[in-house]
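The values are calculated or read from the model by the stated rules, or taken from the named source; none is laboratory data. As the structure is a prediction and not an experimental result, all values here were calculated from the model. Glycine gets a Cβ as well: all are built from the backbone with ideal geometry, and neighbour counts include every protein chain shown.
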Amino acid sequence: MPIPLNVLEARQLARHVQGPQTPPTEDIREKVFELEAKGEWIVQRVPEPWLPVTTKYGRIKKIPVGHTWHHKSCGQCGHIPGYSTSIFWLHRALGLDYDDPRDQTSCTAWNYYASATSNVGAQAAVAMRNFGAAYESGYFPQIHCGTSYGHYKEVREQLVAHADLRDEVRRICDRLGRPFVMPEEIVHYSEWVYAMRDEFARRRVLDLSNIDVTVHPACHYHKLVVEDAIYDPDVYGGQRTAVVSAVVTALGANLKDYSTWYDCCGFGFRHILVQRDFTRSFATLRKIEVMREEADPDVVLTHDTGCVTTLDQSQFAARAHDRKVGVPVMSESQFAALAMGAHPYRVCQLHWHNTDYRPLLEKMGIDWRERWREFEDDLERLKSGEKQFLTWEDADA
Amino acid sequence: MTLQARYADVPVETKQRLFDEVKADLRFRDTLYGCYECGICVAACPSARFYDFSPRKIAQAAAREDLGIFYEQLNDDIWNCSQCFSCLRCPRGNNPGGLITIMREVAINNGLASARQALEGYGRVVYKIMSTGTQVSPDMLQPNAFPDWGPHVAEISENLLLWRRALPPETLHTTSTAWEVTDRTLTELYLIWHMTGVMDMIKEVDAGLHMILVDVMEELLEDAGYAAD
Ligand code: SF4
Ligand code: SF4
């Protein structure tokens, strides 16, 4: 049922009243600074310039514009590399300085949520090792994976609440020769895309007014440590997270709603790897089919590794059962990059995706045949040894 | 036979000990604040739609300290959870998904047969994350591992080396890890696994995997002056 207009207007009016002076729950960041004042750890400050965004209960969160340390996602880099490449490309398109580190492990939380073969101390130590590495680089962490983001927020809560855990992890960081550092904010890349959406809109070269988009909000983005996710009264009346959805609107595409938006994608952490009957069924029956039935989108956009993989890959088997599937899936970073003229193969690397995206590209006005031919030429050059790798210069040629 | 009858021969002391281990976890007190029995968590739970599974029952059994149901859940339910945390919608502020994370850890630490079974076929993933610091790698995209994803997976694996070279970011020209990770980074990760007891945990649940991991980690750890057992 749509939210009544007067309710929406009241919320928009109350936008500035509700916070940050009157937050309904305690702000963990105050405790993070208190611990710094007691000499327990260093707090890495958000570098200038930063943009203010509003979180669920009205608090302001600082999103650094540039000078960021990219905490990559193993699922993105490994299986849908156009996801990470597009995030970097967007930074380059705006001329922003960033660090793509080799001194980074994954958060290891996919495995933790799948198999529990780890523990609180190990998970916190992995997080603090990575934060220490970011601090030493001088760049501020921007986290690509929704699960890493959600998990690191859990780790922050646990470290703040338990002195003995802090002691254990501090000892480990000392042994590793790393500083014990907590960032001032824990920032997901989709928050940066949200904060920068008007910059992207200004650089848009494609008309997206005939593109219908549904959004899947990633569970570990908005369900874990809920008060830290971005909400905006202008987006669904502040009743669901504004990231991704606000980007769709800013780029001039049509945001379409569907009733199972809150449902998870079916990833399941262990299920996607060893129990995919659950994953396939949930992704297609509760998400893709419902979207098609209710919104008939040209594309599904989401902002996490597992969601892109699950929603995209699950459709193949469902097709064999004559299910109503066939909606391409990508991240909003890839979609924004395409809208700004990025190459669908050199940058967005759509050949790694499964569900047919070509009708979408045609509708967006992208000549995918020509672009694929160009990419095949690139591959020939790589094969012949004329080039060893495709470079950023090639990507923007 | 009721489910609880299935575990009737397990001594109550064992069930109590395992429950006490869950309760002793530092996160436990933040996962349970009583229960309205409202079922909101169940309505939001994807696994409840697919399996005979209920986050409400998980929360209630723990809150009531019902050792029989707890032990049954520890063996038969917890591995069905998707760890999506949709159940954090609970109006009491409970976190049944978080409670399940703790229960899984206890099941693994104690080497329960059900936990070993749940990890069958999963060892290669544990190996990958613990030895390389990245959980999935491009070369895991093999048609026999993902037959239900169709011929697309075969296309990727046939072109893998070439397609990886066609990625502009310099860190992504890898096939056996998701990105290039330095040796110093890996050494630190191995130290973390050893210093936090994760290696002992693996030994409990999969001795073969433990042996392989010790072998793989040995050289870097020795270079770092760490004597692994
Ligand atoms: S975390 Fe587990 S119990 Fe909670 S909603 Fe998700 S699948 Fe259900
Ligand atoms: S949502 Fe919370 S209060 Fe309601 S049944 Fe579930 S655990 Fe109990």
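So, in region A:319-347, of the ones that are assigned to a helix (DSSP H, G or I) and at pLDDT below 95, which residue ends up nearest to the chain's Cα centre (by Cα)? It would help to see each step written out before you state the result.
Filtering region A:319-347 down to residues assigned to a helix (DSSP H, G or I) leaves A:319-320, A:332-339.
With at pLDDT below 95 added as a condition, the list becomes A:319-320.
Numbers: A:ARG319: 28, A:ALA320: 31 Å.
The selected residue is A:ARG319.
Just need a number here: residues in region B:134-162 that are at the interface with another protein chain (Cβ under 9 Å from one of its Cβ atoms), free of Cβ contacts under 8 Å to residues at least 24 places away in the same chain and buried (at least 16 other Cβ atoms within 10 Å of the Cβ).
9
I need the full set of residues from region A:254-296 which are of a type in the set (Phe, Trp, Tyr), part of a loop (DSSP other than H, G, I, E, B) and in contact with a Pro (Cβ under 7 Å, 6 or more places away or on another chain), in order please.
Start the filter on region A:254-296 by keeping residues that are of a type in the set (Phe, Trp, Tyr), which leaves A:258, A:261-262, A:267, A:269, A:278, A:282.
Applying the additional criterion that residues be part of a loop (DSSP other than H, G, I, E, B) yields A:258, A:261-262, A:267, A:269.
Listed by number, the list holds a single entry, A:TRP261.
Would you mind finding the one in A:ALA229, A:ALA195 that is closer than 30 Å to A:ALA37 by Cβ, within 14 Å of chain B (Cβ to nearest Cβ) and away from ligand 1 (no atom under 16 Å from the Cβ)?
Values: A:ALA195 fails: within 14 Å of chain B (Cβ to nearest Cβ).
Criteria check complete, one pass: A:ALA229.
Only one of (1) out of contact with any Leu (no Cβ under 8 Å at 6 or more places or on another chain); (2) more than 10 Å from every other protein chain (Cβ to nearest Cβ) is not met by B:SER131, so which one is it?
For B:SER131, the failing item is (1).
What are the residues in region A:117-134 that are under 15 Å from A:LYS72 (Cα atoms) and facing chain B (nearest Cβ under 7 Å), if any? Show your work before the answer.
Step one: list which residues in region A:117-134 are under 15 Å from A:LYS72 (Cα atoms), which gives A:126-127, A:129-131, A:133-134.
Passing the criteria: A:VAL126, A:ARG129.
What is the residue count in region B:56-108 for residues that are assigned to a loop (DSSP other than H, G, I, E, B), among the small types (Gly, Ala, Ser) and surrounded by fewer than 23 Cβ atoms within 10 Å (Cβ to Cβ)?
Number of matching residues: 1.
Across region A:232-253, what is the total count of residues that are assigned to a helix (DSSP H, G or I) and within 14 Å of chain B (Cβ to nearest Cβ)?
Taking region A:232-253 first, the residues assigned to a helix (DSSP H, G or I) are A:236-238, A:245-250.
Right, trim to within 14 Å of chain B (Cβ to nearest Cβ) and you get none.
Adding up the residues that qualify gives 0.
Exactly one condition in (1) away from chain B (no Cβ under 14 Å); (2) in a loop (DSSP other than H, G, I, E, B); (3) within 17 Å of the chain's Cα centre (by Cα) is not met by A:LEU224; state its number.
Checking A:LEU224 against (1) away from chain B (no Cβ under 14 Å); (2) in a loop (DSSP other than H, G, I, E, B); (3) within 17 Å of the chain's Cα centre (by Cα), the one that fails is (1).
Can you say whether A:VAL160 is β-branched (Val, Ile, Thr), in a helix (DSSP H, G or I) and surrounded by fewer than 22 Cβ atoms within 10 Å (Cβ to Cβ), as far as the supplied structure shows? Even if it seems obvious, please write down each step before you answer.
On the way: β-branched (Val, Ile, Thr): yes; in a helix (DSSP H, G or I): yes; surrounded by fewer than 22 Cβ atoms within 10 Å (Cβ to Cβ): yes.
Considered against the rule, which asks whether it is β-branched (Val, Ile, Thr), in a helix (DSSP H, G or I) and surrounded by fewer than 22 Cβ atoms within 10 Å (Cβ to Cβ), A:VAL160 comes out as yes.
For region B:74-84, how many residues are within 11 Å of ligand 1 (Cβ to nearest atom) and either β-branched (Val, Ile, Thr) or in contact with a Phe, Trp or Tyr (Cβ under 9 Å, 6 or more places away or on another chain) (or both)?
Residues of region B:74-84 within 11 Å of ligand 1 (Cβ to nearest atom): B:77-84.
From what is left, the residues that are either β-branched (Val, Ile, Thr) or in contact with a Phe, Trp or Tyr (Cβ under 9 Å, 6 or more places away or on another chain) (or both) are B:77-78, B:80-84.
Residues that pass the stated criteria total 7.
Restricting the first residue to region A:373-391 and requiring it to be more than 10 Å from every other protein chain (Cβ to nearest Cβ), which pairs with a second residue that is surrounded by 12 or more Cβ atoms within 10 Å (Cβ to Cβ) meet a Cβ separation below 8 Å and a spacing of at least six or different chains?
A:GLU374/A:HIS343; A:GLU374/A:TYR345; A:GLU374/A:ARG346
Exactly one condition in (1) modelled with pLDDT of 95 or more; (2) within 16 Å of ligand 2 (Cβ to nearest atom) is false for B:TYR33; which is it?
Every condition holds for B:TYR33 apart from (1).
On the basis of being surrounded by fewer than 15 Cβ atoms within 10 Å (Cβ to Cβ) and out of contact with any Leu (no Cβ under 6 Å at 6 or more places or on another chain), does A:ASP304 make the cut?
So A:ASP304 fails the test.
Quickly run through region A:298-314 and pick out the residues that are touching a strand residue (DSSP E or B) at 6+ places or on another chain (Cβ under 9 Å) and part of a loop (DSSP other than H, G, I, E, B).
A:ASP298, A:HIS303, A:ASP304
Examine region A:326-337 for a residue that is among the β-branched types (Val, Ile, Thr), more than 9 Å from every other protein chain (Cβ to nearest Cβ) and in contact (Cβ under 8 Å) with a residue 24 or more places away in the chain, and state whether such a residue exists. Break it down into steps so the answer makes sense when it comes.
Of all residues in region A:326-337, those among the β-branched types (Val, Ile, Thr) come to A:327, A:329.
Filter again for more than 9 Å from every other protein chain (Cβ to nearest Cβ), leaving A:327, A:329.
In the following step, the residues that additionally are in contact (Cβ under 8 Å) with a residue 24 or more places away in the chain were identified as A:327, A:329.
So far as region A:326-337 goes, yes, one or more of its residues are among the β-branched types (Val, Ile, Thr), more than 9 Å from every other protein chain (Cβ to nearest Cβ) and in contact (Cβ under 8 Å) with a residue 24 or more places away in the chain.
Is it true that B:ALA8 is surrounded by fewer than 20 Cβ atoms within 10 Å (Cβ to Cβ), without any contact (Cβ under 8 Å) to a residue 24 or more places away in the chain, more than 14 Å from every other protein chain (Cβ to nearest Cβ) and not aromatic (Phe, Trp, Tyr)?
Values: surrounded by fewer than 20 Cβ atoms within 10 Å (Cβ to Cβ): yes; without any contact (Cβ under 8 Å) to a residue 24 or more places away in the chain: yes; more than 14 Å from every other protein chain (Cβ to nearest Cβ): yes; not aromatic (Phe, Trp, Tyr): yes.
So B:ALA8 fits the description; yes.
Every residue in region B:18-55 that is small (Gly, Ala, Ser), in a loop (DSSP other than H, G, I, E, B) and within 13 Å of ligand 1 (Cβ to nearest atom), please. Walk me through how you get there before you give the answer.
Within region B:18-55, the first condition is being small (Gly, Ala, Ser), and the residues that meet it are B:24, B:34, B:39, B:43-44, B:47-48, B:54.
Narrowing further to those that are in a loop (DSSP other than H, G, I, E, B): B:34, B:39, B:54.
Of everything in region B:18-55, those that are small (Gly, Ala, Ser), in a loop (DSSP other than H, G, I, E, B) and within 13 Å of ligand 1 (Cβ to nearest atom) turn out to be B:GLY39, B:SER54.
For region A:111-157, how many residues meet the condition of being out of contact with any helix residue (DSSP H, G or I) (no Cβ under 9 Å at 6 or more places or on another chain) and assigned to a helix (DSSP H, G or I)? Working first, answer last.
Filtering region A:111-157 for residues out of contact with any helix residue (DSSP H, G or I) (no Cβ under 9 Å at 6 or more places or on another chain) gives A:134-139.
Retained after the next criterion (residues that are assigned to a helix (DSSP H, G or I)): A:134-137.
Final tally of qualifying residues: 4.
Could you tell me which residue of region B:37-82 is farthest from ligand 2 (Cβ to nearest atom), considering only residues that are among the aliphatic types (A, V, I, L, M) and more than 14 Å from chain A (Cβ to nearest Cβ)? Can you show your working first?
Initial filter on region B:37-82 (among the aliphatic types (A, V, I, L, M)): B:40, B:42-44, B:48, B:58-59, B:61-63, B:67, B:69, B:74, B:78.
After this cut, where a residue has to be more than 14 Å from chain A (Cβ to nearest Cβ) as well, the list is B:58-59, B:61-63, B:67, B:69.
Values: B:ILE58: 8, B:ALA59: 4, B:ALA61: 11, B:ALA62: 10, B:ALA63: 8, B:LEU67: 19, B:ILE69: 15 Å.
Taking the candidates together, the pick is B:LEU67.
If A:VAL274 passes every condition in (1) of a type in the set (A, V, I, L, M); (2) within 11 Å of another protein chain (Cβ to nearest Cβ); (3) within 19 Å of the chain's Cα centre (by Cα) but one, which one does it miss?
Unmet condition: (3).
Take the residues of region B:83-119 that are under 10 Å from the mean Cα position of the chain (by Cα) and among the charged types (D, E, K, R): which is nearest to ligand 2 (Cβ to nearest atom)?
Filtering first and then ranking leaves B:ARG104.
Go through (1) within 11 Å of ligand 1 (Cβ to nearest atom); (2) at the interface with another protein chain (Cβ under 10 Å from one of its Cβ atoms); (3) modelled with pLDDT of 95 or more one by one and return the number of the condition B:ARG89 breaks.
(3)
Evaluate region A:32-40: report whether one residue or more is part of a loop (DSSP other than H, G, I, E, B), free of Cβ contacts under 8 Å to residues at least 40 places away in the same chain, closer than 30 Å to B:ARG164 by Cα and not acidic (Asp, Glu).
Taking region A:32-40 first, the residues part of a loop (DSSP other than H, G, I, E, B) are A:38-40.
Then keep just the ones that are free of Cβ contacts under 8 Å to residues at least 40 places away in the same chain; that gives A:38-39.
Cutting the leftovers down to closer than 30 Å to B:ARG164 by Cα gives us none.
No; the residues of region A:32-40 include none that is part of a loop (DSSP other than H, G, I, E, B), free of Cβ contacts under 8 Å to residues at least 40 places away in the same chain, closer than 30 Å to B:ARG164 by Cα and not acidic (Asp, Glu).
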